[in-house]
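The values are calculated or read from the model by the stated rules, or taken from the named source; none is laboratory data. Small disclaimer: the values here were computed from a predicted structure and weren't measured. Positions of Cβ are generated from backbone atoms using ideal geometry, with glycine treated the same way; all protein chains shown enter the neighbour counts. All accessible areas refer to the heavy atoms of the entire protein, side chains included, with ligands and DNA or RNA removed. Shrake-Rupley method; radii C 1.70, N 1.55, O 1.52, S 1.80 Å.
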Amino acid sequence: MPSAARLARRLEDWYRACSRDLPWRRHADPYAIWVSEVMLQQTRVQTVRPYYLRWMARFPDVGALASAPEDAVLRLWEGLGYYSRARRLHAGARVVLARHGGELPRTAAGLLELPGVGPYTAGAVASLAFGERVAAVDGNVVRVVARLRGIDATGAALAAAVHTVASALVRAARAPDALNQALMELGATLCTPRGPRCGECPARSGCVARASGRTAELPRPAARPAPILVHAVAALARRGSRVLVGRLGADAPRWAGLWTFPTAEVRPNEAPATAVERAALACGARVAGVRRVASLEHTVTRHRVTLDAFECRPVGCTGRAAPPWVTRRWVPSAALGELALPAPHRRLARAALRGDGGGALTRG
Ligand code: ADE
């Protein structure tokens with residue numbers, strides 16, 4: 001097995017020669033690196049690229065982000081998912097402006113104090129932007145290191161062992177940013193979960209998993225919790241050309257701050273039409289004439305959701321929203337594009353906007 005210094009050197013040389021040209025790698029602006037690292041959590045490079053470019057054009061620095069309204073921030077994030085990342089980035093920018101004069105803290109320990117910054121993001125920003133010798137361990141890095149060193153463990157033991165190796169590598173490296181990026185890059189391009197391209201790997205000669213024929217086994221997967229099946233309904237309540245939407249409060253269990261059609265989970269033994277009426281009422285409208293028009297499936301974290309959409313007609317109004325909604329509005333269908341909607345509701349919105357009552361959606 002090669003020493004940490006030798007392995008680090010091979011990885012760094014390979015990174016310098018072979019890495020992809022990505023927009024956030026072109027300069028060492030700490031804010032830009034922070035934005036990219038938050039976007040890249042649980043999201044692929046190809047997906048992130050256009051979002052990153054739009055974001056940097058609209059919010060080029062901490063000050064621009066800090067002074068933006070939350071609606072604008074969420075609208076720009078729409079489609080990337082895990083919206084709490086956007087809200088925390090926004091909150092983090094406000095803290096950086098208020099407490100640090102607009103300059104990001106230069107160490108992982110300092111960065112960890114910011115809202116939404118965990119050990120991975122802190123390590124990535126501190127090493128890539130400021131050259132601190134700290135590890136940045138995400139899922140890709142876990143896979144690469146577990147294979148290179150043959151770490152046969154799961155859960156916390158796997159995380160701790162990987163962290164130890166990654167820390168030793170970054171301490172032994174010539175340049176901490178190149179070393180950390182090399183581990184990420186290797187995981188994204190060659191050392192992939194299935195079918196790793198070991199023949200092209202700069203560390204192939206010292207890789208324990210390769211030598212023992214265990215690349216398919218390592219790292220050992222964590223036990224996956226069973227998915228939770230959810231049946232939900234959405235009310236497409238129309239009044240002329242307007243449609244009813246509500247804005248979720250900061251305490252909503254998901255999609256906080258975003259707009260949705262009135263939605264409810266169907267309770268055991270409850271008729272879906274009753275759940276639709278309940279949902280609409282929570283957004284301040286009594287409805288009748290409930291008629292199912294479409295159905296779609298989506299997944300949110302562990303929840304596998306069947307979302308049935310129902311057209312309905314308002315017959316009365318309570319005028320106020322109840323939790324999890326904080327505001328409700330009758331919005332012209334044509335203006336739905338200005339609101340931040342989560343992906344499944346955007347699909348419903350597109351159908352509503354065309355006025356086809358959801359006919360273009362997958363019928364259940
Ligand atoms: N995934 C996480 N961070 C990354 C980065 N800086 N470049 C490419 N992929 C990444």
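Tell me which of these residue 191 doesn't satisfy, since it passes every other one: (1) surrounded by fewer than 23 Cβ atoms within 10 Å (Cβ to Cβ); (2) within 16 Å of the ligand (Cβ to nearest atom).
Just one mismatch for residue 191, condition (1).
Looking only at segment 127-153, how many residues end up being of a type outside the set (A, V, I, L, M) and not in a helix (DSSP H, G or I)?
Result for segment 127-153: 6.
Go through segment 109-152 and count every residue that is within 22 Å of residue 6 (Cα to Cα), polar (S, T, N, Q) and crowded, with 21+ Cβ neighbours inside 10 Å.
Residues that pass the stated criteria total 1.
Kindly indicate the residue of segment 153-188 that is open to solvent by 50 Å² or more (accessible area, probe 1.4 Å) and among the hydroxyl-bearing types (Ser, Thr, Tyr) and also modelled with the lowest pLDDT among those meeting that condition.
Within segment 153-188, the match that is modelled with the lowest pLDDT is 154.
Please indicate, with yes or no, whether at least one residue in segment 149-162 is more than 11 Å from the ligand (Cβ to nearest atom), within 21 Å of residue 17 (Cα to Cα) and not polar (S, T, N, Q).
Looking through segment 149-162, none of the residues is more than 11 Å from the ligand (Cβ to nearest atom), within 21 Å of residue 17 (Cα to Cα) and not polar (S, T, N, Q).
Report, by residue number, each residue of segment 228-266 that is surrounded by fewer than 12 Cβ atoms within 10 Å (Cβ to Cβ) and in a loop (DSSP other than H, G, I, E, B).
Once the filter is applied, which keeps residues that are surrounded by fewer than 12 Cβ atoms within 10 Å (Cβ to Cβ) and in a loop (DSSP other than H, G, I, E, B), segment 228-266 yields 240, 250, 251, 253.
Scanning segment 81-99 for residues that are among the hydrophobic types (A, V, I, L, M, F, W, C) and open to solvent by 10 Å² or more (accessible area, probe 1.4 Å), which turns out farthest from residue 38 (Cα to Cα)?
98
Test each condition in (1) modelled with pLDDT of 95 or more; (2) of a type outside the set (A, V, I, L, M); (3) closer than 30 Å to residue 149 by Cα for residue 225 and report the one that comes out false.
Only one criterion in (1) modelled with pLDDT of 95 or more; (2) of a type outside the set (A, V, I, L, M); (3) closer than 30 Å to residue 149 by Cα is unmet by residue 225, namely (1).
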